[in-house]
Amino acid sequence: MAAAFPYTHYACPCSDLTSTAPSSISKRISNNQPANADLTDDRTFNPHDPRANCALYPLDHLLFCDECDAIRCPKCWTEEIINWYCPTCLFEVPSSAVKSDGNRCSRNCYTCPACTAPLAVAAMPQPAGDYLKPTEPATEAYMLQCGYCDWSSRDLDVLFSKPTKITEQLAKQRKARLGSSGKEASDKDAKPNPVGHDTAFGSLTTFYKAQLSESGDAQNQFANSPYSSPANLQRIMNIYGGLSANTLKKSRETPQPMREARDSNEGFSTYTPDPVEHEATVISKLRSLSWEDTTTTEQRLAAPPNNYSRFADQLWPVATPLRTRKGKRCETCRHLISRPDSKVSHIRYKIRLLAMNNIPRIFMRPLHLPNPPPPNAAFRLRADDAVQAELQPNVAQQYILTIRNPIFETIKVTLATPGTTPGNVASRVTILCPSFPVGPAGDVWDEALSSSTTPASASNDGSRKAAMASLTGKAPEDADRQPEAGKVWDRTRNSTSVIVEIVPGPLKAPPSIVPKTEAELADQALDEDDEVLEVPIYVRAEWETVIDADAFGPGAKDDKHHGRQGEKVTKELAYWCVLGVGKIAE
Amino acid sequence: MSRPGPVSRRSTKSEYIETDTGNKISRRAHIEGKQNIMLGGKSVVMAGVCLRGDLHRKSEKPAEGEKEGPTTAISVGRASVIATNCTIRPPMRLSRGQMTFYPMRIGDNVFIGPGTHVSSLSISSHVHIGANCVLSPFCVIKESCKILPHTVVPPHMVIPAGSVVAGRPAQIVGEVGEGWGQGGGAEGEEWVEGGDLRPLVRSIK
């Protein structure tokens with residue numbers, strides 16, 4: 001994974017890979033709730049699983065459905081397009097015009113066919129002699145130019161008479177070039193058929209539309225049904241429609257079979273092999289040109305006009321593809337969970353239910369480090385900050401794991417992790433205090449006020465220590481504080497930190513006296529990213545909340561707690577997450 | 001530019017000069033044309049940064065008698081961080097045989113990674129730019145974008161709001177998540193890309 005260490009990725013519980021709880025927790029659940037007794041599947045989430053990458057997301061990409069009380073990831077939300085816009089001119093394109101323009105900007109936005117950088121309209125440089133004779137009326141000419149790779153429309157011999165309305169001018173020149181139908185056009189499209197691609201497509205479309213309307217609207221009966229396709233619905237209607245055998249037979253009677261296109265007026269075109277001399281010229285050209293002068297697959301597929309371009313000097317400017325802004329709906333309850341504002345220039349949200357405001361957040365940092373790295377490795381301030389120390393195998397490292405609670409209730413968090421990390425490299429992981437409460441989030445002022453009135457309530461342990469320190473005259477923040485099993489390390493208003501001990505496993509197994517078989521050796525071979533130490537942690541949070549009148553959602557898991565308004569219900573939330581610790585040294 | 005206070009060099013040996021509005025400017029930054037640079041406050045200019053405020057547009061007609069106020073060449077918003085060894089150079093182009101410079105505008109909470117060359121026309125707020133990028137002249141970066149390290153943004157490219165950009169030349173490779181820039185900034189929490197950079201600014205000493 002590309003993220004810098006340490007990172008936390010969260011798994012949405014929607015896939016079977018991530019939905020199972022580890023046995024230590026599922027047993028506890030089954031003790032409390034006999035309904036879940038069959039859930040004893042002891043599987044840990046393996047971050048090195050090939051499918052794992054598709055289940056893990058950074059927290060800012062996850063949403064939360066507050067109707068279902070569940071995390072939502074790209075796999076369990078549906079997207080709907082709010083608007084289309086051109087990324088270059090930032091103009092919104094009405095949805096009616098999107099299809100006819102081929103999902104591309106019809107204004108004057110073009111990208112370089114060779115390197116995808118945007119093209120700019122530039123005036124043709126005048127020959128040096130013209131500057132010396134300023135009296136001569138200079139003929140103005142413009143071209144499209146790429147500022148990145150120096151491609152310009154001069155390579156195509158396409159020049160414009162004015163710097164505006166590029167699309168019209170370009171279309172005209174394209175038409176003229178294809179219409180000339182001689183060697184030039186066949187060169188262009190590698191297609192000797194005088195009928196251009198676009199015209200052929202247009203006449204084919206009109207022909208088949210006419211055919212469809214002639215043959216009756218049998219196919220389009222259910223055209224705008226919510227099912228995936230009209231044919232599908234037709235099939236379902238035939239099976240369950242309750243029609244009598246007679247009508248069924250009638251309905252099975254195929255309508256007049258459709259005729260195919262027959263002549264070139266209807267868009268029919270035959271394949272004629274290239275004339276030999278044409279092919280010969282292509283081959284000789286290929287011989288003389290270098291590799292760079294031929295087009296790559298990406299360049300050919302970037303736009304329809306370039307689909308048949310064989311040489312780099314035939315590439316036509318690519319109209320900028322449009323982008324969309326999308327809203328997201330929960331797939332289960334169709335509830336909107338994200339809806340951006342339709343203004344293109346800014347990114348604002350009307351509705352945005354973020355996972356990070358609803359699920360406990362986890363992050364980790366090393367306990368002992370002489371000069372701690374920045375909390376987020378994306379903020380590299382100096383070039384030499386980049387080097388990240390590799391983890392030494394078999395050397396125990398202690399990390400502070402901080403759980404932050406974003407909701408307004410005190411939650412009870414239970415963490416579970418396999419004793420040794422799954423995968424080829426087994427590292428030992430111990431969470432010194434796996435179960436603890438985390439205080440509620442709230443106003444910063446709450447904390448300030450409560451700490452000023454009742455200083456002891458902040459943390460019992462700390463206050464006693466502080467009292468001891470004041471008695472003995474020692475600084476309360478003693479540097480050589482030792483982590484203890486079963487005790488939380490640090491606690492603030494809405495976060496609790498515990499210590500995790502990690503012993504990175506060796507990448508190679510110790511050499512053994514008995515010679516190993518081929519299969520054993522192959523078994524030991526490391527896969528890609530096996531040296532990355534990732535710790536899967538199952539987080540389960542439980543809290544009590546007072547139900548409102550309208551919050552009789554499916555959120556509360558156990559039905560017996562579904563009570564009247566004002567009664568307390570227990571809610572729980574559980575998910576896997578993966579902590580990326582670092583790379584293990586050889 | 002809010003001028004650095006009267007700090008005598010002998011008495012303080014700290015790396016940064018802090019202005020009245022809280023800007024931190026490294027003593028090892030190369031700054032040309034101070035009077036043409038505006039820093040919004042609580043912004044950081046780190047060591048080795050080259051700010052070319054001297055590349056500003058010359059006024060059309062020379063002032064007669066009265067002096068014209070300084071034109072702005074570079075304006076940086078609040079709580080933006082320009083990391084080490086960046087070059088900030090206003091874009092220019094030849095028009096009618098004359099080199100014309102265009103003012104550059106950088107928004108609030110923008111992070112520019114080390115070793116990056118910036119010549120863009122504007123960078124909106126909450127943009128995170130990785131290390132060793134090249135932002136070519138006249139590119140426009142809209143808000144909440146993420147530019148991955150080692151990206152070369154071609155000239156005149158417009159990057160729409162909320163895009164993740166990478167490659168040489170840069171291409172839009174994705175969109176930032178809904179939670180871009182959210183959930184950070186509180187005391188003791190990690191800093192979030194695109195979020196409030198004030199804690200980061202505070203930590204730079």
TODO: Answer yes if at least one residue in region A:308-319 is away from every other protein chain (no Cβ under 14 Å), out of contact with any strand residue (DSSP E or B) (no Cβ under 9 Å at 6 or more places or on another chain), closer than 30 Å to A:L289 by Cβ and among the hydrophobic types (A, V, I, L, M, F, W, C), and no otherwise.
DONE: yes
Open item on the list: Go through (1) closer than 25 Å to B:M92 by Cα; (2) surrounded by fewer than 22 Cβ atoms within 10 Å (Cβ to Cβ); (3) within 7 Å of another protein chain (Cβ to nearest Cβ); (4) of a type outside the set (A, V, I, L, M) for B:F138 and report which single condition fails.
Closed with: (3)
- [ ] Filter region B:111-128 down to residues that are away from chain A (no Cβ under 12 Å) and buried (at least 24 other Cβ atoms within 10 Å of the Cβ) and give me whichever is nearest to A:S345 (Cα to Cα).
- [x] B:I123
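This table checks each residue for (1) in a loop (DSSP other than H, G, I, E, B); (2) at pLDDT 85 or above.
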site: B:P6; (1), (2): yes, no
site: B:S11; (1), (2): yes, no
site: B:I17; (1), (2): no, yes
site: B:G22; (1), (2): yes, yes
- [ ] Those residues that are exposed (fewer than 15 other Cβ atoms within 10 Å of the Cβ) and in a helix (DSSP H, G or I), I need them from region A:286-307; list them, please.
- [x] A:L286, A:R287, A:S288, A:W291, A:E292, A:D293, A:T297, A:E298, A:L301
Open item on the list: For region B:160-177, which positions are open to solvent by 30 Å² or more (accessible area, probe 1.4 Å) and within 8 Å of chain A (Cβ to nearest Cβ)?
Closed with: B:Q171, B:I172
Task: Cross-chain or 6+ apart pairs with Cβ under 7 Å, region A:388-400 first and over 17 Å from A:D530 (Cα atoms), then exposed (fewer than 12 other Cβ atoms within 10 Å of the Cβ) and at pLDDT below 90 - done: A:Q398/A:H368
Open item on the list: Anything in region A:314-330 that is over 17 Å from the mean Cα position of the chain (by Cα) and either surrounded by fewer than 21 Cβ atoms within 10 Å (Cβ to Cβ) or of a type outside the set (F, W, Y) (or both)? List them, or say none.
Closed with: A:Q314, A:L315, A:P317, A:V318, A:A319, A:T320, A:P321, A:L322
- [ ] Report yes if some residue within region A:210-222 is open to solvent by 60 Å² or more (accessible area, probe 1.4 Å), aliphatic (A, V, I, L, M) and at pLDDT below 85; otherwise report no.
- [x] yes
Task: Only one of A:E528, A:E518, A:E501 that is of a type outside the set (S, T, N, Q), at pLDDT 80 or above and open to solvent by 20 Å² or more (accessible area, probe 1.4 Å) - done: A:E501
Task: Scope region B:143-153; condition surrounded by 21 or more Cβ atoms within 10 Å (Cβ to Cβ) and under 28 Å from B:D54 (Cβ atoms); matching residues - done: B:I147, B:T151, B:V153
- [ ] Please tell me if B:S119 is closer than 25 Å to A:R323 by Cβ and polar (S, T, N, Q).
- [x] yes
Task: Scope region A:143-165; condition touching a residue at least 40 places away in the same chain (Cβ under 8 Å), assigned to a helix (DSSP H, G or I) and either within 14 Å of chain B (Cβ to nearest Cβ) or surrounded by fewer than 18 Cβ atoms within 10 Å (Cβ to Cβ) (or both); matching residues - done: A:D155
Task: region A:346-357, subset more than 7 Å from chain B (Cβ to nearest Cβ) and not in a strand (DSSP E or B), residue farthest from A:T324 (Cα to Cα) - done: A:N357
TODO: Could you tell me whether A:S342 is assigned to a loop (DSSP other than H, G, I, E, B) and either of a type in the set (S, T, N, Q) or within 14 Å of chain B (Cβ to nearest Cβ) (or both)?
DONE: yes
Open item on the list: Take A:R329 and tell me if it is more than 11 Å from chain B (Cβ to nearest Cβ), modelled with pLDDT of 85 or more and in contact with a Ser or Thr (Cβ under 8 Å, 6 or more places away or on another chain).
Closed with: yes
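The values are calculated or read from the model by the stated rules, or taken from the named source; none is laboratory data. These numbers come from a predicted model, not from an experiment. Note that we place each Cβ from the backbone using ideal geometry, even for glycine, and neighbour counts take in every protein chain shown. What goes into the accessible areas is simple: the full protein's heavy atoms, side chains included, and nothing from ligands, DNA or RNA. Shrake-Rupley method; radii C 1.70, N 1.55, O 1.52, S 1.80 Å.
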